[in-house]
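To start, the structure itself, in structure tokens.
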Amino acid sequence: MGKIDDFVEKNAIKPSDCHYHTARSVMSRKGEMSGKIRVLAAKVDNIARVEYKCPECLHDGYLEQEWRRPFSIKCQKCGIKITVPKMKQQAKKEFKAANKK
Ligand SMILES: [Zn+2]
């Protein structure tokens, strides 16, 4: 189990207790879907808990930081900024990447 799952279970977090909860693939600069990010922002402490796999260096990490929008994190290993892609934006990027081939 991941840290977010542990937190959800320990605190009996329901969807209504969250500002935000998502799990997405993250595209690297080369256009590969090599990264992942899961964000859970709980209302109880206004802290966002983040599990991620960096799309550039493939580092698996976990961090906590204050929840605010727009939300982004920094990879703890290589320092790149990872933003949570918006669904529409991501669809557009994937469409563009697919058309390049
Ligand atoms: Zn990285």
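FYI, it's all coordinate maths here, none of it is from the lab. Values in this document were obtained by computation on a predicted structure and should not be read as measured data. Counting neighbours? That spans all protein chains shown, and the Cβs are built from the backbone with ideal geometry, glycine included.
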**Fill in**
XL table K14/K86; K10/K43; K30/K100; Cα-Cα > 20 Å flagged, in table order, is K14/K86
**Request:** Using the Cα centre as the reference, give the magnitude of the dipole from point charges on the C-beta atoms of the chain (Lys, Arg: +1; Asp, Glu: -1; all else neutral), rounded to the nearest 20 debye.
**Result:** 760
**Item:** Spacing of the two label points (7 Å from each Cα toward its C-beta) at N99 and R68, in nm
**Value:** 3.6
**Asked** How are the C-alpha pair distances of the chain spread across 10 Å bins, as whole percents from the shortest bin up?
**Response** 15, 45, 30, 9, 1
**Item:** Sum of -39500 (n - 2.57) over DSSP H runs of 4+, divided by residues of the chain (222 nm, nearest 500)
**Value:** -6500 deg cm²/dmol
**Message:** Can you give me the distance in nm between label points at K92 and F7, each placed 7 Å from the Cα along the Cα-to-Cβ direction?
**Reply:** 3.0
